[in-house]
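The values are calculated or read from the model by the stated rules, or taken from the named source; none is laboratory data. Keep in mind that what you see is a predicted model, and the values were worked out from it rather than measured. In this analysis, Cβ positions are derived from the backbone assuming ideal geometry, glycine residues included, and neighbour counts consider all displayed protein chains. Keep in mind that these areas ignore ligands, DNA and RNA; they rest on the heavy atoms of the full protein, side chains included. Shrake-Rupley method; radii C 1.70, N 1.55, O 1.52, S 1.80 Å.
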Amino acid sequence: GVGMGMTAPVSITAFPAEDGSFQQKVKISLRIPSQFQANPPCPTDESIKIEERQGMTIYSTQFGGYAKEADYVSYAAKLKAALGSDAAYRKDFYLCNGYDPPMKPYGRRNEVWFVKE
C-alpha cells in the first residue's frame with residue numbers, strides 16, 4: 001500500500017537463445033528506494049520476490065534512445081565482439097538497464113551489462 005515511485009535503473013535479466021535473441025524467460029528488477037532498504041514492504045503478489053543483488057564487476061556498454069529488445073541484442077553482440085575471447089564473463093545471461101522514465105524524449109541512457117566471472 002506504499003507508493004515508491006520510479007526507480008532507476010529498471011533492469012531486465014535476459015537469457016539469450018543460440019541466435020542471441022531473448023528467450024521468453026526474462027526477469028525484471030526494480031531497485032527498492034533507499035528509505036525502504038532496511039525494511040522493504042512485503043509484496044502482496046506471489047510473483048514478486050525481494051532479492052538482494054550482490055556486488056559484481058561488470059563489462060558495460062551504453063547507448064541512447066528508446067531501447068527495444070533488438071537494441072539490447074545488438075549492443076550485447078557489439079560488447080561481446082569488443083571483449084573478444086579473452087574476457088571471462090557469464091554467458092548464460094546478461095543485464096539490460098534503462099535509466100529514464102517513458103516520457104523523457106531526449107538524452108536517454110540504456111546499458112548492457114555482462115557480469116565478470
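Screening the candidates Ser74, Ser11 for the property of being polar (S, T, N, Q), open to solvent by less than 60 Å² (accessible area, probe 1.4 Å), touching a residue at least 24 places away in the same chain (Cβ under 8 Å) and not in a loop (DSSP other than H, G, I, E, B) yields one hit, Ser11. Val112 meets the conditions (1) part of a strand (DSSP E or B); (2) out of contact with any Cys (no Cβ under 7 Å at 6 or more places or on another chain) in every case but one. The failed one is (2). Scanning the range 61-71 for residues that are open to solvent by 60 Å² or more (accessible area, probe 1.4 Å) and of a type in the set (S, T, N, Q) yields a single hit, Gln62. Residues in the range 14-40 that are at pLDDT 85 or above and open to solvent by less than 50 Å² (accessible area, probe 1.4 Å): Ala14, Phe15, Pro16, Ser29, Ile32, Pro33, Phe36, Pro40. Taken over the range 23-71, the criterion of being assigned to a helix (DSSP H, G or I) and touching a strand residue (DSSP E or B) at 6+ places or on another chain (Cβ under 9 Å) is satisfied by Glu69, Asp71.
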